[in-house]
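These notes concern the structure reproduced below.
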């Protein structure tokens, strides 16, 4: 063995996917609105695209827990989602609310009856402030939970990635459920002003 074999190469620095500048681990994200793809961004590019229009939009950092969110079991059933974990966002290309739920295959889109959504907005005026394309209503009703957030889209897609990466077998396996618990615990900390993931 030579000395070279013992020398570790430094990890490649993360780069802004728009301009190529080096970025820190706690960088901003932009969303490509037509494709729903996330891009890592430096501070300058994040500021440049921090607006309500254009192909790219800056994803906010804020997470807001909604302890007083109102939705009955009947209203939830009327949304016709196959699982009790989903997020809802206003898509400007589609000009409507889109429901997505995570699965082992990735994010799956579901058609959402607009009358049901309008009922939710009436009962929960905070939904009128939902920022198009970059923020979602995130719902966790698994195992009897009733947890609701306004969450950045990068966190919603992080949730999709956790399930896609760690799901095993028919029930998911122990690891995926532990990771989901950690994910929602971190969301709660962020909503209370804790550290960001």
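The values are calculated or read from the model by the stated rules, or taken from the named source; none is laboratory data. Since this is a predicted model, take the numbers as computed values, not measurements. Positions of Cβ are backbone-derived with ideal geometry, glycine not excepted, and every protein chain shown enters the neighbour counts.
General observations
- Contacts under 9 angstrom Cβ, first residue in region 170-186 being surrounded by 15 or more Cβ atoms within 10 Å (Cβ to Cβ), partner in a strand (DSSP E or B), 6 or more apart: 176/168; 180/85; 180/140; 180/172; 184/140; 184/147; 184/149
- Of everything in region 103-120 that is free of Cβ contacts under 8 Å to residues at least 24 places away in the same chain and more than 20 Å from the chain's Cα centre (by Cα), the residue that is surrounded by the fewest Cβ atoms within 10 Å (Cβ to Cβ) is 115.
- Residues considered: 88, 49. Of these, the only one that is out of contact with any helix residue (DSSP H, G or I) (no Cβ under 7 Å at 6 or more places or on another chain), modelled with pLDDT under 90 and crowded, with 17+ Cβ neighbours inside 10 Å is 49.
- Residue check, residue 139 under 14 Å from residue 70 (Cα atoms) and outside any helix (DSSP H, G or I): yes
Results for (1) over 19 Å from residue 83 (Cβ atoms); (2) at pLDDT below 95, shown as yes or no for each residue.
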residue: 118; (1), (2): yes, yes
residue: 148; (1), (2): no, no
residue: 151; (1), (2): no, no
residue: 161; (1), (2): no, yes
residue: 166; (1), (2): no, yes
residue: 174; (1), (2): no, yes
residue: 179; (1), (2): no, yes
residue: 194; (1), (2): yes, yes
